[in-house]
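The values are calculated or read from the model by the stated rules, or taken from the named source; none is laboratory data. Keep in mind the model is a prediction, meaning the values are calculated, not measured. SASA here: full protein model, heavy atoms, side chains in, ligands and nucleic acids out. Shrake-Rupley method; radii C 1.70, N 1.55, O 1.52, S 1.80 Å.
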Amino acid sequence: REVKKQGSRTTVGVKGQFASFEKIQPGYYGEQGSVIIHQTLFNLFPPSSFDSSLVEPLTPTEFIQRVLVPETAAHLIAQDLGVDMDYAIMTLHESARYGVAMFPDTGGSDG
């Protein structure tokens, strides 16, 4: 929706990323979880394997970060808590700040 409303350049630019920060965070998994999920998805679905026309106007890399990472996190939260996707998505959004505070990306490789 954001891409349709604002255009892809605005949405993925610094200002757009800041505005949608909580929407693309993987909830209580935090930045560390985001890195792990992101790398796993990159390994499973390398951007070069995408048909770019299927994810336009996003690039495959942007699609992974903005769509697949939060979607994967929501499914993991649903599995963790034994809840439906609606509740998992609500939890993902409501726990984003907690995740960033508790599990920041420290640049280490201990994930």
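Within the assembled protein chains, the solvent-accessible surface assigned to His93 is about 80 Å², based on a 1.4 Å probe.
In this structure the stretch 26-102 gives 57 Å² per residue of accessible area when probed at 1.4 Å with all protein chains present.
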